[in-house]
Amino acid sequence: MKNTYFAFLLFAFMLFSVPSVMGQNSKNQNPPEESISGLAIYPNPVNSSSQSFITIQSKLNSDKTVEFYDVLGKRIFSTELKGKELNISNLNKGVYILKITENKVSEARKLVIK
C-alpha cells in the first residue's frame, strides 16, 4: 500500500511540475506590436443613409493601405488612401474589420455601418 501511495504522489508531482517547466519563458515571447500613433476612425458607427465617407487619420498623415474584412475574415476590398476621407458608399450595412497599414505598421479596427 505504501508503494502505490508513494508512486501516485510521485506521478502527481511529475504531472503538475512538467507544464511549468515546458511553459513559455518571458524571454521567448514576441515583443508587443507597434501601433499607429493617433489613429482615429470616425464617425463610427456610420449611418449609411446620410454618410458615404469616413475619416481615417493619424499623427503622421502619410499614405495608408486600408483593407476591409467581413466578420468571417473574408477580404471584401483593399484600397490606398492618400488623404483622410474614404468613400464607403459601396459597402452594405454590417460590421467590418479594417486593417490599416501605415509605414509598415498595421492596426485593426472595427467599423459598424447602420
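The values are calculated or read from the model by the stated rules, or taken from the named source; none is laboratory data. Since we're looking at a predicted model, the values are computed, not measured. Every residue, glycine as well, gets a Cβ built from its backbone with ideal geometry; the counts of neighbours run over all protein chains shown.
Considering segment 58-74, and only residues there that are surrounded by fewer than 17 Cβ atoms within 10 Å (Cβ to Cβ) and farther than 16 Å from residue 95 by Cα, the residue that is modelled with the highest pLDDT turns out to be 65.
In segment 77-96, is there at least one residue being at pLDDT below 90 and surrounded by 10 or more Cβ atoms within 10 Å (Cβ to Cβ)?
Within segment 77-96, not a single residue is at pLDDT below 90 and surrounded by 10 or more Cβ atoms within 10 Å (Cβ to Cβ).
The strands (runs of 3 or more DSSP E) falling completely within segment 60-114 that include 2 or more residues that are polar (S, T, N, Q) map to 75-81. The number of residues in segment 97-114 being surrounded by fewer than 14 Cβ atoms within 10 Å (Cβ to Cβ) and either in contact (Cβ under 8 Å) with a residue 40 or more places away in the chain or closer than 16 Å to residue 44 by Cβ (or both) comes to 5. Residue pairs whose Cβ atoms lie under 6 Å apart, sitting 6 or more positions apart in sequence or on different chains, and linking a residue in segment 33-50 that is touching a residue at least 12 places away in the same chain (Cβ under 8 Å) and over 17 Å from residue 93 (Cα atoms) to a partner that is surrounded by 10 or more Cβ atoms within 10 Å (Cβ to Cβ) and acidic (Asp, Glu), are 35/107; 36/102; 36/107; 39/107.
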